[in-house]
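A.B. asks: My questions all concern the structure below.
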Ligand SMILES: C[S@@+](CC[C@H](N)C(=O)[O-])C[C@H]1O[C@@H](n2cnc3c(N)ncnc32)[C@H](O)[C@@H]1O
């Protein structure tokens with residue numbers, strides 16, 4: 001599955017455009033403010049009425065907790081963050097999170113079983129030892145973790161201590177994701193990071209020695225002042241740390257959403273050809289080192305759960321990227337957190353203060369979301385299969401949704417003909433399969449199934465697809 005293929009310049013010019021990353025379908029920027037806390041409460045009550053344990057062996061929900069704090073701002077960052085070095089905001093966040101967790105548990109009406117717990121941010125290890133323990137205690141008091149199969153978190157190695165890792169390991173965490181991006185000093189200076197290979201390697205070594213089962217590193221290509229030589233060096237440094245997974249994200253340049261990115265002049269940013277070459281450098285080197293390519297931006301050792309999940313059909317795509325599915329629903333807690341609960345997407349108030357006010361007023365803090373129609377649920381399955389499995393079994397998906405795939409998507413299949421001619425995918429009856437080149441352009445192929453993309457008409461909403 002590791003066949004590499006270069007995207008020719010002509011294809012890059014033709015298909016390089018802005019488009020969603022499809023961490024959800026419909027994409028989050030298209031959601032509505034018409035969805036609120038009452039919708040989430042009603043859906044939680046429905047889940048609470050479903051039989052426990054569910055017949056399919058999956059838990060009721062996975063939990064995502066958003067910890068927005070960082071001690072300093074990385075200027076490339078596209079995440080929802082709150083920069084502070086003070087203790088008070090964290091203390092208030094913890095108290096608010098407890099109320100929010102209470103409201104979720106109350107709406108569900110029974111203790112929900114949790115299949116996986118993920119702490120994201122921001123920087124979860126901005127919390128000190130006592131605060132981390134307090135967070136885990138308050139979650140365990142309200143939800144049933146007996147069948148929890150994975151506990152993971154994101155860290156910035158710079159601010160993460162061995163004592164924090166030990167506490168988390170003792171509390172069942174075994175998946176560690178370290179932000180690295182690029183270790184080249186010039187790039188770090190440009191994005192306002194300050195992280196050495198040695199401190200990152202020391203943290204990885206400690207995690208390895210203390211039983212963390214899956215070590216991930218995030219790299220980003222397309223950053224200001226990035227060069228092939230510097231990125232190649234970073235990849236070698238990271239491989240020497242013995243990681244199990246890597247995410248190699250294309251830098252999402254969205255200065256209309258993230259003002260600090262406006263500081264990067266276009267000339268400091270790699271052009272599309274250099275972006276492609278950086279990604280291909282990573283692909284080739286990681287294949288050499290025995291990593292399998294997952295989706296279009298993740299890589300995993302064949303022993304890692306992310307790889308085995310694909311064979312088991314439990315690889316999925318959420319706003320956390322490509323992940324293993326352990327539950328039927330995803331519940332988000334904390335500012336900006338996104339939940340995916342069957343046909344309902346619900347996103348919390350993104351700003352810390354607004355989230356605190358919403359929780360104080362209503363318990364739940366949903367600001368916006370989307371309820372999928374039957375047609376949208378079908379499209380979500382098609383897009384997910386394209387991105388996760390790199391293929392769509394149209395007959396099976398059609399049968400699941402009660403439609404004839406080829407009839408239902410006649411217009412889309414006609415539009416795909418040009419991509420077939422360009423060598424991006426092969427279509428045989430109701431089966432679609434991305435080629436090695438097409439996998440780089442999977443987002444473009446997915447866009448053929450997203451009617452909104454044909455009407456988007458120049459509105460700046462999304463990042464570059466390649
Ligand atoms: C919350 S951060 C990880 C933890 C920690 N705060 C850190 O910076 O090391 C999540 C990850 O998102 C990715 N990311 C953030 N902003 C991005 C952007 N604009 N484009 C692409 N990836 C981005 C980075 O790889 C980053 O490690």
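The values are calculated or read from the model by the stated rules, or taken from the named source; none is laboratory data. Since the structure is predicted, the reported quantities are computational estimates derived from the model, not experimental observations. Cβ: placed from backbone, ideal geometry, glycine included. Neighbour counts: every protein chain shown.
A.B. asks: Out of the residues in segment 206-227 meeting the condition of being assigned to a helix (DSSP H, G or I) and touching a helix residue (DSSP H, G or I) at 6+ places or on another chain (Cβ under 8 Å), tell me which one is nearest to the ligand (Cβ to nearest atom).
C.D. replies: In this case the residue turns out to be 207.
A.B. asks: Which of the residues spanning segment 322-355 are assigned to a strand (DSSP E or B) and modelled with pLDDT under 95?
C.D. replies: 322, 323, 324, 327, 328
A.B. asks: Determine which member of the set 240, 190, 204, 263 is in contact (Cβ under 8 Å) with a residue 24 or more places away in the chain, surrounded by fewer than 18 Cβ atoms within 10 Å (Cβ to Cβ) and closer than 25 Å to residue 70 by Cβ.
C.D. replies: Selected residue: 263, the only one of 240, 190, 204, 263 that is in contact (Cβ under 8 Å) with a residue 24 or more places away in the chain, surrounded by fewer than 18 Cβ atoms within 10 Å (Cβ to Cβ) and closer than 25 Å to residue 70 by Cβ.
A.B. asks: Test of understanding: among 126, 156, which residue is within 21 Å of residue 67 (Cβ to Cβ) and within 18 Å of the chain's Cα centre (by Cα)?
C.D. replies: Only one candidate qualifies: 156.
A.B. asks: Being farther than 29 Å from residue 464 by Cα and surrounded by fewer than 14 Cβ atoms within 10 Å (Cβ to Cβ) is the requirement here; does residue 174 meet it?
C.D. replies: no
A.B. asks: Scan segment 398-416 for residues that are assigned to a loop (DSSP other than H, G, I, E, B) and at negative phi and report the count.
C.D. replies: Of the residues in that region, 3 qualify.
A.B. asks: Search segment 243-260 for residues being in contact (Cβ under 8 Å) with a residue 40 or more places away in the chain and outside any loop (DSSP other than H, G, I, E, B), and hand back the single one that is surrounded by the fewest Cβ atoms within 10 Å (Cβ to Cβ).
C.D. replies: 260
A.B. asks: Still on this structure, please answer the following. Given the criteria assigned by TED's automatic domain parsing to the domain that holds residue 325, within 16 Å of the ligand (Cβ to nearest atom) and within 25 Å of residue 322 (Cβ to Cβ), does residue 119 qualify? Reasoning before the result, please.
C.D. replies: Working: assigned by TED's automatic domain parsing to the domain that holds residue 325: yes; within 16 Å of the ligand (Cβ to nearest atom): yes; within 25 Å of residue 322 (Cβ to Cβ): yes.
It is true that residue 119 is assigned by TED's automatic domain parsing to the domain that holds residue 325, within 16 Å of the ligand (Cβ to nearest atom) and within 25 Å of residue 322 (Cβ to Cβ).
A.B. asks: Here is a further query. Condition test on residue 162, is it away from the ligand (no atom under 14 Å from the Cβ) and touching a residue at least 24 places away in the same chain (Cβ under 8 Å)?
C.D. replies: It is true that residue 162 is away from the ligand (no atom under 14 Å from the Cβ) and touching a residue at least 24 places away in the same chain (Cβ under 8 Å).
A.B. asks: If you don't mind, there's one more thing I want to ask. List the residue pairs whose Cβ atoms are under 7 Å apart, where the first residue sits in segment 122-138 and is away from the ligand (no atom under 16 Å from the Cβ), the second is not in a helix (DSSP H, G or I), and the two are 6 or more positions apart or on different chains.
C.D. replies: The qualifying pairs are 135/127; 136/171.
A.B. asks: Okay, moving on. Is it the case that some residue within segment 75-87 is away from the ligand (no atom under 16 Å from the Cβ) and in contact with a helix residue (DSSP H, G or I) (Cβ under 6 Å, 6 or more places away or on another chain)?
C.D. replies: No, because not a single residue in segment 75-87 is away from the ligand (no atom under 16 Å from the Cβ) and in contact with a helix residue (DSSP H, G or I) (Cβ under 6 Å, 6 or more places away or on another chain).
A.B. asks: Here are 414, 410, 395, 446: which of them is touching a helix residue (DSSP H, G or I) at 6+ places or on another chain (Cβ under 8 Å), surrounded by fewer than 17 Cβ atoms within 10 Å (Cβ to Cβ) and modelled with pLDDT of 95 or more?
C.D. replies: Going through 414, 410, 395, 446 in turn, just one is touching a helix residue (DSSP H, G or I) at 6+ places or on another chain (Cβ under 8 Å), surrounded by fewer than 17 Cβ atoms within 10 Å (Cβ to Cβ) and modelled with pLDDT of 95 or more: 395.
A.B. asks: Give segment 1-18 a look and list any residue that's closer than 30 Å to residue 375 by Cα and at pLDDT 90 or above, or say none.
C.D. replies: Initially, segment 1-18 is screened for residues closer than 30 Å to residue 375 by Cα, giving 14-18.
Hits for segment 1-18 are 14, 15.
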